[in-house]
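Notes to accompany the following structure.
The values are calculated or read from the model by the stated rules, or taken from the named source; none is laboratory data. Computed from a predicted structure; not experimentally measured. FYI the Cβ positions are ideal-geometry reconstructions off the backbone, even for glycines, and counts take in every protein chain you see. Areas reflect the complete protein model, heavy atoms only, side chains present, ligands, DNA and RNA absent. Shrake-Rupley method; radii C 1.70, N 1.55, O 1.52, S 1.80 Å.
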Amino acid sequence: MIKKVLIDPEGEKIYWRNGDLHTRFGVIKEKEIKNGVVKSHIGKEFLVYDAYFVDRVERIKRGPAVMLNKDVGLIIANTGINAKSKILEAGTGSGRLTAFLANISGNITSYEHKKEIFELAKRNLDDLKLKVKLKNKDIYEGVDEKNLDAIILDLAEPWKVLKHAEKALKCGGFLVAYLPNITQVIQLVRSLNSPFILDKVEEVIEREWYVDDRLRPVNTILGHTAFLVFVRKI
């Protein structure tokens, strides 16, 4: 697990677990890595602070493409999940969204049907010390859980889950689909019928800003990653 974050002389982050730290700006001995300002063996200064969850989740092992913060935040905000929410996720991948969900609620179940990806997610979530019921299971074949507040899908064909979601979701519960292509959105929306209604379809465009001697936007905008389709059960 990541224990400390260091900022090097050029402002780059370094994530430290244990042992001596070897960098292009010199070596810092393990016993010298303490909060505040430390110097390498060649006298270069580093800023050091404790790692929090957001730092640790940035360094999980990657497999499939991960969901970015801008999309994770929209899901959390639009569903209003909290510590008491009972949530099912499918398409675990590397476990990044799973980690954010489990950092809020202690009742998270996640399905991943590919064995090698399931094992990757398990290692990542164990490293983060998060409580998740992780299942090597294909959600298209059925859902074991009942009385769910939300089902969140990062899958190619979420419309195949509707018949299972109807039985598993509470009244008012959310089904959320993360879909890169508009054709997938159209297919899902056209597949909706009672007891499901479309709540909204959104995407997030993110632009970071530099704050130094002058205020200016970063040249690269973080644009389309996926559409988020929010559905309610009535």
### Task
Any residue in the range 204-224 that's assigned to a loop (DSSP other than H, G, I, E, B): show its pairings with residues that are small (Gly, Ala, Ser) at Cβ separation under 7 Å, as long as the two are six or more apart or on different chains.
205/223
### Message
Anything in the range 129-139 that is open to solvent by 20 Å² or more (accessible area, probe 1.4 Å) and either outside any strand (DSSP E or B) or free of Cβ contacts under 8 Å to residues at least 40 places away in the same chain (or both)? List them, or say none.
### Response
129, 130, 131, 132, 133, 135, 136, 137, 138
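What number of residues within the range 2-24 satisfy the criterion of being open to solvent by less than 30 Å² (accessible area, probe 1.4 Å), of a type outside the set (D, E, K, R) and touching a residue at least 12 places away in the same chain (Cβ under 8 Å)? Walk me through it before giving the result.
Of all residues in the range 2-24, those open to solvent by less than 30 Å² (accessible area, probe 1.4 Å) come to 2, 5-6, 8, 16, 19, 21.
Keeping just the survivors that are of a type outside the set (D, E, K, R) gives 2, 5-6, 16, 19, 21.
Filter once more, so that each one left must be touching a residue at least 12 places away in the same chain (Cβ under 8 Å): 2, 5-6, 16, 21.
Qualifying residue count for the region: 5.
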### Query
When you scan the range 151-184, how many residues do you find that are more than 24 Å from residue 66 (Cβ to Cβ), part of a helix (DSSP H, G or I) and either acidic (Asp, Glu) or open to solvent by 30 Å² or more (accessible area, probe 1.4 Å) (or both)?
4
### Task
Could you tell me whether residue 117 is open to solvent by less than 40 Å² (accessible area, probe 1.4 Å), outside any strand (DSSP E or B) and touching a residue at least 60 places away in the same chain (Cβ under 8 Å)?
no
### Query
If only one of 70, 31, 61 is open to solvent by 30 Å² or more (accessible area, probe 1.4 Å) and either part of a strand (DSSP E or B) or in contact (Cβ under 8 Å) with a residue 12 or more places away in the chain (or both), which one is it?
61
## Note on the structure
Residues of the range 211-231 being surrounded by 18 or more Cβ atoms within 10 Å (Cβ to Cβ) and more than 18 Å from residue 70 (Cβ to Cβ), in sequence order, are 231
#### Entry: Residue under evaluation residue 38, criteria (1) more than 13 Å from residue 56 (Cα to Cα); (2) open to solvent by 30 Å² or more (accessible area, probe 1.4 Å); (3) out of contact with any Leu (no Cβ under 7 Å at 6 or more places or on another chain); (4) not in a loop (DSSP other than H, G, I, E, B), criterion not met
(2)
### Query
Among the numbered criteria (1) more than 23 Å from residue 98 (Cβ to Cβ); (2) within 20 Å of the chain's Cα centre (by Cα); (3) modelled with pLDDT of 95 or more, which single criterion is violated by residue 207?
(3)
### Query
Do we find a residue being touching a helix residue (DSSP H, G or I) at 6+ places or on another chain (Cβ under 9 Å) and aromatic (Phe, Trp, Tyr) anywhere in the range 31-46?
no
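Of the residues 93, 142, which is within 18 Å of residue 162 (Cα to Cα), open to solvent by less than 30 Å² (accessible area, probe 1.4 Å) and touching a helix residue (DSSP H, G or I) at 6+ places or on another chain (Cβ under 8 Å)?
Working: 93 fails: within 18 Å of residue 162 (Cα to Cα).
That would be 142, the only listed residue that is within 18 Å of residue 162 (Cα to Cα), open to solvent by less than 30 Å² (accessible area, probe 1.4 Å) and touching a helix residue (DSSP H, G or I) at 6+ places or on another chain (Cβ under 8 Å).
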#### Entry: Number of the exception - residue 46 against (1) touching a Lys or Arg at 6+ places or on another chain (Cβ under 8 Å); (2) touching a residue at least 40 places away in the same chain (Cβ under 8 Å); (3) buried (at least 17 other Cβ atoms within 10 Å of the Cβ); (4) closer than 23 Å to residue 176 by Cα
(4)
